[in-house]
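The values are calculated or read from the model by the stated rules, or taken from the named source; none is laboratory data. Predicted, not measured: the structure shown is a model, and the values here were computed from it. Don't worry about glycine lacking a Cβ; one is built from the backbone with ideal geometry, like all the others, and counts go over all protein chains shown. For the accessible areas, the whole protein counts, side chains as well, though only heavy atoms, and no ligand, DNA or RNA atoms are used. Shrake-Rupley method; radii C 1.70, N 1.55, O 1.52, S 1.80 Å.
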Amino acid sequence: GNELEAGAAQALVRGGLLGRGSSLELLDMSHNSLGDEGVSALADALRHRAAGLATLLLDRNFAGCEAAGRVAGMLKVNRRLRELRLAHNAIRHGGGEEIANALDANRGLQLLDLCCNTFLLSLTHEFSGADSKLYRRLRSPPRDDLTIHLG
């Protein structure tokens, strides 16, 4: 990573990197410190703009439930994104649930990586009932052409 923070993601959005006419197909912002604010800015841009981005890598960015909610909103309407990696973030049960719900509406995503997020770390401990239900739901994606990595 480059130790980029939220301002870097916001600058990419303001600069039109994810806007109409952009030829960018892959954006790797993994191993940074974007946090909820930076990941949310990228998700919002991909929700409201007709970007052609096919792969978005956001592993290890300290993203939590706020960002997960914005990502979920983006997934409900974005049909171009094919791969989304959100591994090793701080997404808790509520954020995982929002993403799982958004997958019912999404028809484009083919790979989602949620490995090693907070709501999955209880795999090594005892599951709460809610986490167990969410885990089972994500293990059975809503479409055959969607792969979800949970670790």
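Some observations on this one:
- Once the Cα-Cα distance is subtracted from the 0.36 nm per residue extended length, the Thr55 to Cys115 segment shows a gain of 19.9 nm.
- Of all DSSP beta bridges in the chain, antiparallel share, percent nearest 5: 0
- Alpha carbon centroid spacing (whole Å) that separates the range 24-41 from the range 82-107: 15
- Over the range 1-53, relative contact order from alpha-carbon pairs under 8 Å, at least 6 apart, %: 53
- The range 32-151 - percent of accessible surface contributed by carbon and sulfur, probe 1.4 Å: 47
- Answer label for Cα extents along the principal axes in Å (calculated), chosen among (i) 64, 47, 31; (ii) 69, 34, 28; (iii) 45, 32, 19: (iii)
- Val77 paired with Arg143, simple spin-label distance in nm, labels 7 Å along Cα-to-beta-carbon: 1.8
- The residues of the range 1-58 have, on average, 49 Å² of accessible surface per residue, using a 1.4 Å probe with all protein chains present.
- Gyration tensor verdict on the range 20-65 (Cα atoms; rounded if a/c is under 1.5, prolate if a/b is larger than b/c, oblate otherwise): oblate
- A dipole drawn for the chain from +1 and -1 charges on Cβ atoms has a positive end, and of Val39, Val77, Leu121 the residue lying farthest that way is Val77.
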